[in-house]
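S.K.: Below are the structure tokens for one structure; questions will follow.
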Amino acid sequence: MGGGVFDSVWDDEQSEFESERKIAAQSLTKLENAFFNSGYKYGIDASKTDHMQDGFDQGIELGIQRGKEIGVVLGALVAQREIRRKLHLPEENIDSLVMRLRAIKHTAAIHQDFVKNAETVDETKQPTEAAISLIREAQETLARLDLQ
């Protein structure tokens, strides 16, 4: 015969015991493969779940931190603007800063490298340069206004 796996199963010259043993071996191989594939898929799913949760936890922590920074500066600017309006003092560029701070999108407040590569968390916990310079500008304006 051709010597293939199925050729030996249907070989009339084999004993019934030998045929059953070969069929059992083939069934066992199929079961082993099925369990291996199932375990592999389970491991991949479990790993994805763990890593997605870690990424979410890091992202939410960083988002809260950045949101708080922007919110504190924005609140102080709005308060300064209202006080200056009531006292008829010059407002400088407060309106412009308030509008630009409100226009910051969540993706601009977190460095894009953080989104692409969460393995370098320590280096990427910085807002984008545009957001950080705007926050600095607002803080400097507030400091200047407090000195007046």
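S.K.: Regarding VAL115, is this residue among the hydrophobic types (A, V, I, L, M, F, W, C), farther than 17 Å from ILE135 by Cα, open to solvent by 50 Å² or more (accessible area, probe 1.4 Å) and modelled with pLDDT under 85?
M.R.: When the stated conditions are applied, VAL115 passes them.
S.K.: I want to confirm something. Restricting to segment 63-78 and keeping residues that are of a type outside the set (Val, Ile, Thr) and farther than 15 Å from GLU137 by Cβ, which single residue is most open to solvent (accessible area, probe 1.4 Å)?
M.R.: The selected residue is LYS68.
S.K.: Scan ALA131, ALA143, ALA46 and give me the residue that is at pLDDT below 90, among the small types (Gly, Ala, Ser) and in contact with a Lys or Arg (Cβ under 9 Å, 6 or more places away or on another chain).
M.R.: On inspection, the qualifying residue turns out to be ALA131.
The values are calculated or read from the model by the stated rules, or taken from the named source; none is laboratory data. Computed from a prediction, not measured in an experiment: that's the story for all the values here. Heads up, the Cβs are rebuilt from the backbone with ideal geometry, glycines too, and the neighbour counts pull from every protein chain shown. Ligands, DNA and RNA are stripped out before the accessible areas are found, and what is left, the full protein with its side chains, is counted by its heavy atoms. Shrake-Rupley method; radii C 1.70, N 1.55, O 1.52, S 1.80 Å.
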